[in-house]
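What follows is a single structure, written as structure tokens, with notes after it.
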Amino acid sequence: MTDASVTDTYPAPTIVPLGDSALLVRFGTRLTDPANRAAIALADLLESEPLAGVIEVVPSLVSVLLRCDPLAATDIAGELRLRLFSLGTAALPPARDWTIPVHFDGPDLDTVAQTLGMSRADFISQHNAQALRVLATGFAPGFVYCGLHADDLIVPRRAAVRAAVPPGTVLFAAGQTAITATELPTGWHILGHTDFTNFDPGTTPATQLKGGDHVRFTVAT
């Protein structure tokens, strides 16, 4: 069901039951800046004020998944609506700032620049000009989505998928820059690579970056 009475700050959320042990709060069906901010805000609120019976909170680009105790799911849904009413006034913690050097040596760099009508140097300069927000982490361990780029820096994904790219690959598509932390297939354009590592299963938490953090990309020296 859709709860249209949250606030005017964020898009109206839809609460979707997933079986008897999960609830999905969705703020949109496509990635937009307000929907992403809402997902980050709700995840932060539920982290600072946990709901009894919620086992895990998993934010995504425009939604938040709550894994629940099946015996408490009904009560959780009611308490969740109360939290959503206060979402617009919830104070977010200060964003952490990160600087991530990138070796811009990827095989798709020139193609991306040409598609946008830029030189390689101009594209790199514009790509790095402003800090980006960490939109979400996930999809694969430590994988991080950063955005949103301006409209003049948007290109679609590649038509062909590469079978595997290594950890630390810096990807670009759909108004976002992403960083891999494990080997995985991708249809995104490869801009280069970074020595920054966002996944260490031996630490708690296992990832460094979280939604809402600010990332500034620089040219690695």
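Rounded to the nearest 20, the size of the Cβ-charge dipole of the chain about its Cα centre is 300 debye, with Lys and Arg at +1 and Asp and Glu at -1.
Derived scalar couplings between HN and Hα for the stretch 74-89 equal 5, 5, 4, 4, x, 5, 4, 4, 5, 5, 5, 4, 9, 4, x, 9 Hz in order, rounded to whole Hz, by the Karplus curve 6.51 cos²θ - 1.76 cosθ + 1.60 (θ = phi - 60°), x for Gly and Pro.
With a 1.4 Å probe and all protein chains left in place, how much accessible area per residue does the stretch 91-194 have, in Å²?
On the way: 4700 Å² over 104 residues.
The answer is 45 Å² per residue.
With a/c under 1.5 counting as rounded, go ahead and sort the stretch 17-144 into rounded, prolate or oblate using the C-alpha gyration tensor (a ≥ b ≥ c being the square roots of the eigenvalues; past the cut-off, prolate if a/b is larger than b/c, else oblate). Prolate shape, in that a/c is at least 1.5 and a/b is the bigger ratio.
Taking all protein chains together and a probe of 1.4 Å, list ILE55, ILE179 from the most accessible to the least accessible.
On the way: ILE55 110, ILE179 5 Å².
These residues rank, largest area first, as ILE55, ILE179.
Take the Cα of THR182, go 7 Å toward its beta carbon, and the backbone nitrogen atoms of the stretch 121-155 under 15 Å from that spot belong to 137-144. Entry note, the chain: the mean residue ellipticity at 222 nm calculated from DSSP H runs of n ≥ 4, each adding -39500 (n - 2.57), is -6000 deg cm²/dmol after division by the residues and rounding to the nearest 500. So who's got an amide H within less than 5 Å of the one on THR182, skipping anything under 5 residues away but keeping other chains? H placed 1.01 Å off N, in plane. Long-range HN contacts for THR182: GLY168.
Whole-Hz Karplus values for the stretch 116-128 come out as 8, x, 10, 7, 4, 5, 5, 4, 4, 4, 6, 4, 8 Hz, taken residue by residue from phi with 6.51 cos²θ - 1.76 cosθ + 1.60 and θ = phi - 60°; glycine and proline positions read x.
How long is the gain from SER125 to THR89 if the chain were fully straight, where each residue apart is worth 0.36 nm and the alpha carbon distance is subtracted?
Working: separation 36, 0.36 × 36 = 12.96 nm, distance 3.65 nm.
That works out to 9.3 nm of additional length.
The stretch 156-221 and the stretch 37-71 have Cα centres spaced 24 Å apart.
Here the chain exposes an accessible surface that is 55 percent carbon and sulfur, computed with a 1.4 Å probe and the other protein chains kept in place. Remark on VAL155: its backbone amide H falls under 5 Å from those of ALA174, GLY175, a criterion applied only to residues 5 or more positions apart or on other chains, H modelled at 1.01 Å from N. Length gained on full extension, THR115 to THR29: 28.2 nm, using 0.36 nm per residue less the C-alpha separation.
The structure shown yields volume of the Cα convex hull per residue in Å³, and of the options (i) 152; (ii) 127; (iii) 136 that calculated value carries the label (iii). Projecting the Cα atoms of GLY187, PHE143, GLY212 onto the charge dipole of the chain (Cβ charges, centred on the Cα centre) puts GLY187 farthest toward the positive pole.
Amide H to amide H distances under 5 Å link PHE217 with ILE100, LEU132, where only residues 5 or more positions off or on other chains count and H is placed in the peptide plane. With the cut-off at 1.5 for a/c, could you classify the stretch 128-172 from its C-alpha gyration tensor as rounded, prolate or oblate? Cα axes put the stretch 128-172 in the oblate bin. Rounded to the nearest 20 debye, the dipole magnitude of the stretch 60-135 is 280 debye, with +1 charges on Lys and Arg beta carbons, -1 on Asp and Glu beta carbons, and the Cα centre as origin.
The values are calculated or read from the model by the stated rules, or taken from the named source; none is laboratory data. These numbers come from a predicted model, not from an experiment. Note: ideal-geometry Cβ built from the backbone for every residue, glycine included; neighbour counts use all protein chains shown. Just the protein is used for accessible areas: all its heavy atoms, side chains included, with ligands, DNA and RNA removed. Shrake-Rupley method; radii C 1.70, N 1.55, O 1.52, S 1.80 Å.
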